[in-house]
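Have a look at the structure below before the remarks.
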């Protein structure tokens, strides 16, 4: 597992080629990508001490991994020693310790079955006024915890995870960072973090909902992070193919990248978020007072295509959203793009929307927030005042948020250049020479 073929005179000698990577080094440069740190002024993640991940790793803490077991060993139980972990090939998390595949049936325990769960909590039997409880729910939860032990891979501080070679990907995995700092995740495809055991909640919304457990990447209490050139997708297991139970989709996926629990100083750049419903939360609860003055996040040059909502949905934080491309071509599954939550401070500028069958007033949705700032955003080729479009259709209206102005902007592109740049440069782009 430890990388020896890349070591030369005691120094890591990965000579990766950057294929058009404006958020890092100049295009075509021979650089040690694995030791790159977030450039100066590149969003909130560059604030204060910046984000360096595992750049300071010594040669004993540089790893090439090709399996779940090797990845877990390299992470060493959330050890905070600086480390660089290079993902080579596809790593599936739904496997046992010897690498044999595990199915949902392998996680079932205590008599759980979906059929029994549906029978017990059918609204005609259980009602709609309380969440499931009792033995069928206990069995679901225990089964879910067995899956969580395999698919939730916990990260320690001062870690860089970066893909190398052809098509590095993490399959069925939830990269889970809890109360750690200084993380870099780059140049990967993360696929189908599915939950075998969604929970039915009849009190969630007017008609109830199925809620699942895992994000592709979860930042909880993370300070200083950089997620860059990652592709997020449900692969060949989209929620659109799931059955409907109790009149609601049996949703087996949660978020793609959720940033919650007082996380702070995060940059999200040049990623692809594809064909998914709930993409990204910033803050998870209206009552989380620990989030006040935290949740400062920058999103730039990301592609959102075929997604439903939360791009992002914001609570509390000062969140800068610029130069992103939104391709909205399925109005039946689209809900909104920017969610304005409690005490949120969203500053959105120079983004581009290519929409079909979606009104300009649908792009923003209010969730107990009162204000936002947006300017220079383009919809189908025209500059549109999206806040004004929302206010013309909904009451109460959103005020213009003048409480802050982003300053950590290394480079902002003209909106005319955004579609070509984002489609060409977002997602995994690094390869060995």
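Read-outs: derived from the displayed coordinates by stated rules, not from any lab. Because the structure is predicted, anything quoted here is derived from the model rather than measured. Because the Cβ atoms are built from the backbone with ideal geometry, glycine has one as well, and the counts that use them run over all protein chains shown.
Laid out as a table, the results:
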read-out: Over the chain: helical MRE at 222 nm, DSSP H runs n ≥ 4 each giving -39500 (n - 2.57), nearest 500; value: -3500 deg cm²/dmol
read-out: Column: log10 I(q)/I(0), Debye, Cα scatterers of segment 120-200, q = 0.19, 0.20, 0.23 Å⁻¹; value: -0.89, -0.94, -1.09
read-out: DSSP-defined antiparallel bridges as percent of all bridges, segment 76-179, nearest 5; value: 10
read-out: The chain: relative contact order as a whole-number percent, Cα under 8 Å and 6+ apart; value: 13
read-out: Within a Gaussian network of the chain (alpha carbon springs, distance under 10 Å), most fluctuating of 216, 100, 178; value: 100
read-out: For segment 73-213, fraction of C-alpha pairs farther apart than 20 Å, in %; value: 57
read-out: Bins of 5 Å from zero: percent of alpha-carbon pairs in segment 277-380; value: 3, 13, 26, 26, 19, 9, 3, 1
read-out: GNM top mover of 392, 90, 80 - the chain, alpha-carbon springs below 10 Å; value: 392
read-out: Fewest-first ranking of 232, 250, 322, using other Cβ atoms within 10 Å as the exposure measure; value: 250, 322, 232
read-out: Selected from 116, 369, 255 as most flexible by GNM, with the chain as the system and alpha-carbon contacts under 10 Å; value: 116
read-out: Long-range Cα-Cα pairs in the chain (distance over 35 Å), rounded percent; value: 28
read-out: Label point distance in nm, residue 206-residue 236, each placed 7 Å from Cα along Cα→Cβ; value: 3.8
read-out: DSSP-defined antiparallel bridges as percent of all bridges, the chain, nearest 5; value: 15
read-out: Relative contact order of segment 59-119, pairs being alpha-carbon contacts under 8 Å that are 6 or more residues apart, as %; value: 33
read-out: Stretchable slack from residue 250 to residue 115, in nm (0.36 nm times residue separation minus alpha-carbon distance); value: 47.3 nm
read-out: Residue 131 paired with residue 287, simple spin-label distance in nm, labels 7 Å along Cα-to-beta-carbon; value: 1.1
read-out: Residue order, fewest to most beta carbons within 10 Å, for 253, 411, 61, 224; value: 411, 61, 253, 224
read-out: Distance histogram for segment 137-245 (every C-alpha pair counted, 10 angstrom bins, percent rounded to whole numbers); value: 13, 38, 33, 15, 1
read-out: Sequence-separation-based contact order of segment 108-203, relative, with Cα cut under 8 Å and 6+ spacing, percent; value: 32
read-out: Separation in nanometres of the label points that stand 7 Å from Cα toward Cβ, at residue 424 and residue 142; value: 5.7
read-out: For segment 202-312: span of alpha carbons on each principal axis (Å, largest first); value: 40, 32, 17
read-out: Histogram of C-alpha separations across segment 323-433, 5 Å bin width, %; value: 2, 10, 20, 21, 20, 14, 7, 3, 2, 1, 0, 0
